[in-house]
Each structure stands twice: as structure tokens, then as C-alpha cells.
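Working notes, beginning with the structure itself.
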């Protein structure tokens, strides 16, 4: 139940051993390599090798993406990655050539697609000119001009004959090739040098086409479509080639991971310093792994210096807990890693986390489903170890949910009584072991607020302990202890008033007053002057509103727990209205499924909020640096 202890380590070795040492440290997976900043040491850049690795990694990644598009391969989160030996060798050159072939094939497909669009578009544009039996773009003969084009709108021969009558001496022929609502396509021939012809074309707003063809339009379109069909055939060939090469997918993934590992080695090498013959590597190693790493390095011909790194602000932070507490380490890490002054909050927070989640989800049937599914994933061998933490957390949340479900008498709402009365003709009721939230919401609200007060006092108690540990006794008593007394005596006063016991109420009242006076006298102690100290003390009492607000936030324990049960009951009512068992099953699956999803999400979000806002704010500084050791980090394979 603690923060992982760290040592700093400095490694000295011969420069020709550096690559081998870094490989061994990577396989050990325990040393976080740090950048060396020391005068007199040279930094040997690995940028050249890293650039090459990045280029090859990008090539493989693009090829894998192409394979995924043409031969989809779904990797489930629930599926473990295959294992491979750290000594594995891949045919890098051959596989990179395959990658180039795959990406080249896709590029050819893309170019063919673009060409097909162009050919199809041009063939489509030629359709209005199909009745023309000469190629487009023929300018005419020695004595004639030939033009093909269009006029806007729908027109007929009478329209053009009428237009030509305005020019009696004009020698021209107009042939309508096609007519549509939007345009009329024409083929026109007239004597070269005729001014009347130019005027006529202007009158009818003729627009000459820019298209030119070697064959008559219909033949040209047929040729274009044939070319497009040939490209479609080539596309299929390229596609089949990609599919054939996809059998190398596993090898390509292995190459990708080996390149990632090599890149990590290069990055670690760049952080080291060197003299002419010696390299120096600095980093951090967990105390529990120090002996193993020291022996490993000494066997590699290196010399190590080990120092205690606890208390340094640069020391990376990680947790070391049992299964119960480690399941919520991700929740804390999402908020912030601990500072050197912080304690590990996970063991304490885990208890409240599971407790509050169960109160808000609050249905034994839902909790059993969570337990069964998450338990199988958390403690079985199907998932990789690093993926099991979240499912362990929800498994414990499921246990708490089952407990509170029976406390509230909720098993898929009131499903027991609904089914027995509607379909079995008898009365069977799952009675709450403690309280029915629907009939006694005020009692549950009071209990929720009490739990909130307890967690806030625990958080303040941790802060008190940390101040005393750091020998800051006055701050511990004046800034934390007096506020704890105010809240405790306020709770005693409320209990006395609620129970009608005047003696207890008076103790609470007098104790709260005495604690408040202590705050007034001490909270302005850092201010200058008597007036400043007095005002600082009086104004500090306004902080009680913050504590009251935090405590009232725990009313969500009652609200969400009540909502889960009420919605489940409504689903059961809707299912039993028809009196049909099949309809009941359908409505129950849909209704309880939606209620399960919504309220499980709500319980998760609000439980996190209570820890982040109300609990951690009382004692947790955070801001620590994550422990990221050099190890065999990969995407597709797990390396032994």
C-alpha cells in the first residue's frame, strides 16, 4: 500500500558495449533512462538511424493500413496479442519491398479510379453528340466552316429556320443533334467568311463546344468506356495482388513492432553521454529491482552507482498495491500522480470508491452481471495483465452493488414480485435488508450526507497527518485540526437536535463555537497588523460554506440509487401490463439494458467526481512525474 520506492542509477560502460547494454535494460523493463546534462560529455546523435527507422515504420504502417482497407481484420480489445521472442529476426528488406508493392498497388488503384472518372465523365459529355457522324473539332474544309455546340433551352427546326430567314443570302445548314429541357445541341456548316453566319450564331446565342475527338462521338464514347473497363480490370488485378500479399500481415506487424523497439533503443542512446571510450547512462530504477539490474549491468561489464532518489521532485512516481487497491490506480493516475510529499491514497480511496459506486448503482441483479463479466475478464487468462485493472475495479464495484441491492431490496427492480404476481399467481417479495429508498428517501439522504462527512474528515485527517509528519504542527492544528473539530461538533449538534437529546446538542453547539473562536483567533496569523489578523480570522469562517457544499454533494448517493431502482420498477410495470411472458422478456431486456447502461455510466462518473473534487482536494497535491521505464513497448505482439 505505498508509492513505489525509487533509486537513481548511473551506469558507466565501454562505448562498444552501449548498444548491448541498452538492449538488456529494455528487456529488463525496469530502468527509466534520463537525459544526461553534464559538461565535458559528448552527446552522440542517433538522428540518422532514427530517421531511417521512422521512414521504415511509416512505410510498414501505410502498408498495414492498406491491408486493413482491403482485407479488414478486427482486433478485439478482449483478445490477447500473440507472443514473440525478443530475439526474433525478421526479413526487413524483403518485407519493406512487400510494403512498397502494397502501397504502390493502392496508388495504382487510386490513379486508375481517377482516370476512370475522367473517361466516364468525358463519355457522358459526348452523349448529346451521338447522332453526329463525324469527329468533333473538325474546323471545316477549304470553303466551309463546321461548328458543333449548343444553345440554351429547348428549340426546334422552325426556330432556327425563322432565324435564318433574317439573312436571305446566308448559305448555311443547321442540324439538330439532340434536344433536352436545358439545351439544344447543333451541328452547323456555313461558307467560310460569311458575316451573316456569324451574326446568326450571335442571334441564337450559340456556344461552340471545346471537345475534340478522333472518332465520331458515339465511337469515341465506346472507346472511352472500353478503356475504363480495361482500367477496372487492372484495378481488380491490383486489388487481388494486395489481398494475396495480405498473408504477410503477421510478418509486417512483427516488423512494425521490432522497428518500434529499435526506435526506443535509439531514443535511449541519444540520452546517454560519452567520452572517447566510455558511455554514461543515468536513470531511475525501483528499489525492489535494483539488485537485479545491478547484477545484469555488472555481468555486461559495466559499473553502477546507486543512490536513494526519494524526496526529489524529479523522481518518477508509480504505485505498488495489492489487487484491491491497485484496481483504482488508474483513477488516481487520471487525476494526477502523487508529488514527493503525497502519500499513496489508493487503499483508502478504493474503499470509498467501491462503497459509493454500489450505493449509486444499487441493484443486486445489475451487480451480479457486472461481477460475472468483469470477474471473468479480470481474473481469467483471456486478457493481457495490463488490461485487467479496469475490470478488477468494476468487479469490486459489482460486489458492492450486489450488497447495496439487497440492502435496498432491488433485484432488477421489483422483478421478483412483478413476475410472481403476474405470471405465477402468487405473492413473493424481496424485502430490503435495511431500507427501501422509495419509501424512506429522507433516511437514505441523511445516511449519504453522513458518509460524505466521514470521507471529508478522512481526507482532512490525512492532511493533518502529512503536516505533522513534516513537523508543521501549528499548520496541522490551526488550519486543519480546528476545521475538523468544527465539522465534528456540527455533526454532534445535528445528531442531538435530530434525536431530541438536548445534552448532546449542547455539547455540539459549545464545541462548534469554541472551534470557530479558535479559527477566528488563528486564521489571520499571517496577516500584518491587528486589524488584518482580526479580519482574516473572521473572514475565514466563510469557508464553512465550502465544506457544507462538499458534504451536500454526497446527496447524489441517494439520488442515483433511487433513480436506478425507480426506473427498473417502471420497466417491470411496462413489461407486465400485457400479461404476456414473451412481451415481458422483450421489454425487460430493452428497458433494463438501457437502465443498466445509463446508471452504470452515471455511477462511474459521479463516483469519480466525489473522489476528485470532494476527497482529493482536502490533502492531495499531485503533479508527480509518471514512471516510464525503457521496455519492450509494442502494438501487435507481446515480446517475451
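For segment 254-275, state whether one or more residues are closer than 30 Å to residue 120 by Cβ, assigned to a helix (DSSP H, G or I) and touching a helix residue (DSSP H, G or I) at 6+ places or on another chain (Cβ under 6 Å).
Taking segment 254-275 and keeping what is closer than 30 Å to residue 120 by Cβ, we get none.
Checking segment 254-275: not a single residue is closer than 30 Å to residue 120 by Cβ, assigned to a helix (DSSP H, G or I) and touching a helix residue (DSSP H, G or I) at 6+ places or on another chain (Cβ under 6 Å).
Any residue at all in segment 162-173 that's touching a helix residue (DSSP H, G or I) at 6+ places or on another chain (Cβ under 8 Å), closer than 17 Å to residue 129 by Cα and in contact (Cβ under 8 Å) with a residue 12 or more places away in the chain?
No; the residues of segment 162-173 include none that is touching a helix residue (DSSP H, G or I) at 6+ places or on another chain (Cβ under 8 Å), closer than 17 Å to residue 129 by Cα and in contact (Cβ under 8 Å) with a residue 12 or more places away in the chain.
Just to check your reading of the model, which residue among 605, 613 is surrounded by fewer than 18 Cβ atoms within 10 Å (Cβ to Cβ), in contact (Cβ under 8 Å) with a residue 12 or more places away in the chain and under 18 Å from residue 360 (Cα atoms)?
On inspection, the qualifying residue turns out to be 613.
Would you check if there is a residue in segment 510-520 being touching a residue at least 60 places away in the same chain (Cβ under 8 Å) and under 50 Å from the mean Cα position of the chain (by Cα)?
Within segment 510-520, none of the residues are touching a residue at least 60 places away in the same chain (Cβ under 8 Å) and under 50 Å from the mean Cα position of the chain (by Cα).
Can we say residue 524 is part of a loop (DSSP other than H, G, I, E, B) and surrounded by 13 or more Cβ atoms within 10 Å (Cβ to Cβ)?
yes
Quick one: residue 90 ticks every box in (1) part of a helix (DSSP H, G or I); (2) in contact with a helix residue (DSSP H, G or I) (Cβ under 8 Å, 6 or more places away or on another chain) except a single one, so which number is it?
(1)
Name the residues in segment 141-158 that are assigned to a helix (DSSP H, G or I) and in contact (Cβ under 8 Å) with a residue 12 or more places away in the chain, would you? Before you say what the answer is, go through the steps one by one.
Going through segment 141-158, the residues assigned to a helix (DSSP H, G or I) turn out to be 157-158.
Passing the criteria: only 157.
If residue 566 satisfies all but one of (1) in contact (Cβ under 8 Å) with a residue 60 or more places away in the chain; (2) part of a helix (DSSP H, G or I); (3) touching a helix residue (DSSP H, G or I) at 6+ places or on another chain (Cβ under 8 Å), what's the number of the condition it fails?
Against the list (1) in contact (Cβ under 8 Å) with a residue 60 or more places away in the chain; (2) part of a helix (DSSP H, G or I); (3) touching a helix residue (DSSP H, G or I) at 6+ places or on another chain (Cβ under 8 Å), residue 566 comes up short only on (3).
Quick one: would you say residue 243 is under 23 Å from residue 636 (Cβ atoms), free of Cβ contacts under 8 Å to residues at least 12 places away in the same chain and assigned to a helix (DSSP H, G or I)?
No; evaluated as a whole, the condition is false for this residue.
Can residue 233 be described as assigned to a helix (DSSP H, G or I), under 30 Å from residue 112 (Cα atoms) and assigned by TED's automatic domain parsing to the domain that holds residue 66?
Numbers: assigned to a helix (DSSP H, G or I): yes; under 30 Å from residue 112 (Cα atoms): yes; assigned by TED's automatic domain parsing to the domain that holds residue 66: yes.
Considered against the rule, which asks whether it is assigned to a helix (DSSP H, G or I), under 30 Å from residue 112 (Cα atoms) and assigned by TED's automatic domain parsing to the domain that holds residue 66, residue 233 comes out as yes.
How many residues does segment 176-188 contain that are without any contact (Cβ under 8 Å) to a residue 40 or more places away in the chain and part of a strand (DSSP E or B)? Step through it out loud before you land on a result.
Within segment 176-188, the first condition is being without any contact (Cβ under 8 Å) to a residue 40 or more places away in the chain, and the residues that meet it are 176, 179, 181-182, 184, 186.
Filter again for part of a strand (DSSP E or B), leaving 176, 179, 184, 186.
Selection size over segment 176-188: 4.
Go through segment 125-140 and report how many residues are in contact (Cβ under 8 Å) with a residue 40 or more places away in the chain and either in a helix (DSSP H, G or I) or farther than 25 Å from residue 226 by Cα (or both).
Count: 6.
Being without any contact (Cβ under 8 Å) to a residue 24 or more places away in the chain and either in contact with a helix residue (DSSP H, G or I) (Cβ under 9 Å, 6 or more places away or on another chain) or farther than 13 Å from residue 564 by Cβ (or both): is that true of residue 425 here?
Judged against the criteria, residue 425 is a match.
Just wondering, is there one or more residues in segment 573-586 that are surrounded by 17 or more Cβ atoms within 10 Å (Cβ to Cβ), closer than 30 Å to residue 8 by Cβ and out of contact with any strand residue (DSSP E or B) (no Cβ under 7 Å at 6 or more places or on another chain)?
The answer is no; no qualifying residue exists.
Being closer than 30 Å to residue 463 by Cβ and at pLDDT 95 or above narrows it down to one residue among 311, 358; which is it?
When all the criteria are applied, what remains is 358.
Within segment 22-72, track down each residue that is exposed (fewer than 11 other Cβ atoms within 10 Å of the Cβ) and in a loop (DSSP other than H, G, I, E, B).
Once the filter is applied, which keeps residues that are exposed (fewer than 11 other Cβ atoms within 10 Å of the Cβ) and in a loop (DSSP other than H, G, I, E, B), segment 22-72 yields 37, 38, 39, 40, 72.
Since residue 561 meets every condition but one in (1) within 40 Å of the chain's Cα centre (by Cα); (2) more than 24 Å from residue 357 (Cβ to Cβ); (3) in contact (Cβ under 8 Å) with a residue 24 or more places away in the chain, which condition does it not meet?
Condition (2) is where residue 561 drops out.
Checking residue 578 against (1) farther than 30 Å from residue 522 by Cβ; (2) assigned to a helix (DSSP H, G or I): exactly one of these is not met. Which one?
Result: residue 578 passes all but (2).
Picking from 616, 604, 620, 612, which residue would you name as being assigned to a loop (DSSP other than H, G, I, E, B) and under 29 Å from the mean Cα position of the chain (by Cα)?
The conditions single out 620.
Can you tell me which residues in segment 201-211 are closer than 16 Å to residue 140 by Cβ and either more than 60 Å from the chain's Cα centre (by Cα) or in a loop (DSSP other than H, G, I, E, B) (or both)?
201, 206, 209
Given the residues 486, 458, 538, which is the only one that is without any contact (Cβ under 8 Å) to a residue 24 or more places away in the chain and either within 48 Å of the chain's Cα centre (by Cα) or not assigned by TED's automatic domain parsing to the domain that holds residue 348 (or both)? Working first, answer last.
On the way: 486 fails: without any contact (Cβ under 8 Å) to a residue 24 or more places away in the chain; 458 fails: without any contact (Cβ under 8 Å) to a residue 24 or more places away in the chain.
Just one listed residue meets the conditions, 538.
The values are calculated or read from the model by the stated rules, or taken from the named source; none is laboratory data. Everything numeric here is computed off the predicted structure, so don't read it as measured data. Neighbour counts run over all protein chains shown; Cβ positions are idealised from the backbone, glycine included.
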